[in-house]
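Enquirer: Please read through the structure below; I'll follow up with questions.
FYI, it's all coordinate maths here, none of it is from the lab. What you see is a predicted model; the values in this text were computed from it and never measured. For neighbour counting, all protein chains shown are included, and Cβ atoms are generated from backbone atoms with ideal geometry for every residue, glycine included.
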Amino acid sequence: MNKRVILPIAMTMVLFSMLALSAKAVTVGVDVFPEKILPGATSTITVTLGAGDPAGTGSVTVITPVTRTVSSTGISVPSGGSDSVEYPTDFPGGSTTEMGEYDVIVALTDAPTRTYKAVFWVSLFVIPESPIGTLLGIIAPTAAVVSIFATKRLRSPKHP
């Protein structure tokens, strides 16, 4: 083969392998539990780093839906571990009196700065998960259909 062809191919392969070895995805999870709360209740924000990811320090900022009030607190996440804060308990000036979608922004200040987002809701209509609700959701329409057919059968004239 010609040297003019081999050299660019070899250089491309070397550069690609160096890039593939140097690039590492950072796995960060931001979880809010519970995601739906009543006014005045609290929600826990957990930041988790993947195994092998470097430790991160930074802040968790929550922005209210109506007045757009901003409150922040610091966070320090160990390598491959997690750290949690509770809103509004750990946030100076934080409150869950406004209804709507609260924005959660986590900024880890390693080089380069990484920002992650999540949300939680404050609402009067919080429906807890319960098997009774599921059962009633199935039984009620079935009972309605059965009662319609039973009523029609009782009202229909009887044939000799």
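Enquirer: Would you order S123, S156 from fewest to most other beta-carbon atoms within 10 Å of each residue's own beta-carbon?
Expert: S156, S123
Enquirer: Another one. Where in the stretch 45-79 does the amide nitrogen come within less than 17 Å of the point 7 Å from the Cα of E101, taken along Cα to Cβ?
Expert: 62-69
Enquirer: So what's the net charge close to V47: Lys and Arg +1, Asp and Glu -1, counting the other residues with Cβ under 14 Å from its Cβ?
Expert: -4
Enquirer: If you stretched the chain out fully between S59 and S84, how much longer would it get, using 0.36 nm times the residue separation minus the C-alpha to C-alpha distance?
Expert: Extra length from S59 to S84 when fully extended: 7.9 nm.
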